[in-house]
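Take a look at the structure below.
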Amino acid sequence: MIKTAFAATLTALFTFTASATAQFTYTPKSSDDVGLYLGTQIWQSEPSGIFGEENTLIDFNLNKEQQINYFIDVKHPISFLPNARISITTLDTSGKTTVTQKFDFNDKTFPIGGKVDASFNVRYVDYTFYYELFDQEKFSFELGLTARDLNADVTVTGATKSSGDGCNDPNPSPDSPCTDAGNTAISSSKIKTDEINPMLYVATNISLPLTNLSVFAQADFLLRDDHTFSDYQVGLSYDLMRSKMADFHVNLGYRVVKMEFENLNNLYTDLEFQGAFIGMVAHF
């Protein structure tokens, strides 16, 4: 229901904007401005921070992982309608630590001194509608709205307090899940969430004089007060090849994703993923 309501609101917003703008500035772009952009990015993300439930957040020493992201961007010749962009980002990592304080996660209690493993899997799809407020050969600036469809799956595995479910046998069998007869058992606890977040989208590109290089920046910022969720990147783009059929660009840059969630389906995080990336963009 929330997704449907937000999608309807977003559609109504841009329909109203298009109708209002059409009354004043209907100036079709030239056919040269019609374009399809396909891009991919290999990102060496390094996470840092803590997560868990309220008042029991711990550092799982999450591992540096290589992520692969994709996007498709369509620009059309009708100036009063927004352009459209869809991008997919994954943040998959894992880690482990020794519990130094009582740790609860989704109704499971992991005792002090126990070793726990964490699997942190996040995937979000961005549906962005934006306008090119400036679109010059040497400078461009884009502004719009993003509907970020977030799917998070966080699992913690380790020794938990047993609850009389067969672990009280003083002589457990070799395949018993009990690690200390009658006291602890190995188990997993998972929190999953799926929601859409409205975000502000901004992007710019500045060509450097007398070179095939340009500087670019792009960012999405959450438009809600209960969480902090930002995703931004800066870098250099090199015009690798230009032809009548397609242009190809190589990108090098740095990307940072910050997640501060409070009670996102009982998940609390204070995490940051950052690192260098290399990418390729094809313009047809």
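Taking the stated definitions as given, is Y232 within 28 Å of Q44 (Cβ to Cβ), in contact with an Asp or Glu (Cβ under 7 Å, 6 or more places away or on another chain) and at pLDDT 95 or above?
Against the criterion (within 28 Å of Q44 (Cβ to Cβ), in contact with an Asp or Glu (Cβ under 7 Å, 6 or more places away or on another chain) and at pLDDT 95 or above), Y232 does not qualify.
Could you check, for the range 19-38, whether at least one of its residues is under 16 Å from the mean Cα position of the chain (by Cα), farther than 20 Å from L264 by Cα, open to solvent by 60 Å² or more (accessible area, probe 1.4 Å) and modelled with pLDDT of 90 or more?
No, every residue in the range 19-38 fails to be under 16 Å from the mean Cα position of the chain (by Cα), farther than 20 Å from L264 by Cα, open to solvent by 60 Å² or more (accessible area, probe 1.4 Å) and modelled with pLDDT of 90 or more.
Just for the range 115-145: of the residues that are within 12 Å of the chain's Cα centre (by Cα) and either open to solvent by less than 30 Å² (accessible area, probe 1.4 Å) or free of Cβ contacts under 8 Å to residues at least 12 places away in the same chain (or both), which one is nearest to E46 (Cα to Cα)?
Here the residue is V122.
Under 6 Å between Cβ atoms, which residue pairs at least 6 apart in sequence (or on different chains) link something in the range 268-284 that is touching a residue at least 12 places away in the same chain (Cβ under 8 Å) and closer than 17 Å to E65 by Cβ with a partner that is open to solvent by 40 Å² or more (accessible area, probe 1.4 Å) and among the polar types (S, T, N, Q)?
E272/S48; G275/Q44; A276/Q44
Based on this model, can you work out whether F80 counts as in contact (Cβ under 8 Å) with a residue 24 or more places away in the chain, in contact with a helix residue (DSSP H, G or I) (Cβ under 7 Å, 6 or more places away or on another chain) and open to solvent by 50 Å² or more (accessible area, probe 1.4 Å)?
No.
Mind listing just one residue for me: the one in the range 177-211 that is of a type in the set (S, T, N, Q), at pLDDT below 80 and open to solvent by 30 Å² or more (accessible area, probe 1.4 Å) and, of those, farthest from D153 (Cα to Cα)?
Across the range 177-211, the extreme among qualifying residues is N183.
Among the listed residues I68, I112, I88, which satisfies the condition of being surrounded by 14 or more Cβ atoms within 10 Å (Cβ to Cβ) and modelled with pLDDT of 85 or more?
Step by step, each of I68, I112, I88 is checked, and only I88 is surrounded by 14 or more Cβ atoms within 10 Å (Cβ to Cβ) and modelled with pLDDT of 85 or more.
Here's a check for you: in the range 233-258, which residue that is without any contact (Cβ under 8 Å) to a residue 60 or more places away in the chain and crowded, with 17+ Cβ neighbours inside 10 Å is farthest from I206 (Cα to Cα)?
By that ranking, first place goes to K258.
The values are calculated or read from the model by the stated rules, or taken from the named source; none is laboratory data. Just so it is clear, the model here is predicted, and its values are computed rather than measured. We place every Cβ from the backbone using ideal geometry, glycine too, and count neighbours over all the protein chains shown. The area values use the complete protein model at the heavy-atom level, side chains included, leaving out ligands, DNA and RNA. Shrake-Rupley method; radii C 1.70, N 1.55, O 1.52, S 1.80 Å.
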